[in-house]
1. Checking Val12 against (1) at pLDDT 95 or above; (2) open to solvent by less than 50 Å² (accessible area, probe 1.4 Å); (3) of a type outside the set (Lys, Arg); (4) more than 28 Å from Asp99 (Cα to Cα), which test does it fail?
2. Take the residues in segment 57-100 that are among the acidic types (Asp, Glu) and open to solvent by 50 Å² or more (accessible area, probe 1.4 Å), then tell me which one is farthest from Asp38 (Cα to Cα).
3. Failed condition for Ile25, given (1) closer than 23 Å to Gly98 by Cα; (2) modelled with pLDDT under 95; (3) among the β-branched types (Val, Ile, Thr), with all others met?
Amino acid sequence: MAAKLRKGDNVVVLTGKDKGKTGSITSIDPKSGKAIVDGINIAIRHTKQSQATQGGRTPKAMPIQLSNLAITDSNGKPTRVGFRMDGDNKVRFAKTTGDAI
């Protein structure tokens, strides 16, 4: 099955504490159905000090469900993704505008 959301896509969060925020997908795990979006779903992780690193509290982006994300179209609005054939290539397109992604 083709992926509707891919690494590097600009997405908007539909539900949760970060609802309405936008960001870019940095990594995706299709098996668990989650993605990591920069600046979204940030948690504080405590690290112990060692000889190599300074200890302290570091913010870390946690995974978020793919169903809670929607890709943004050329107007910056959330949209659903469709697939169509352009010649021999299968391309994704935004359902709101019809533009290829």
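1. (4)
2. My answer is Asp88.
3. (2)
The values are calculated or read from the model by the stated rules, or taken from the named source; none is laboratory data. Since the model is a prediction, treat every value here as computed from it, not as a measurement. Quick note on the areas: whole protein, heavy atoms, side chains included, nothing else; ligands and nucleic acids left out. Shrake-Rupley method; radii C 1.70, N 1.55, O 1.52, S 1.80 Å.
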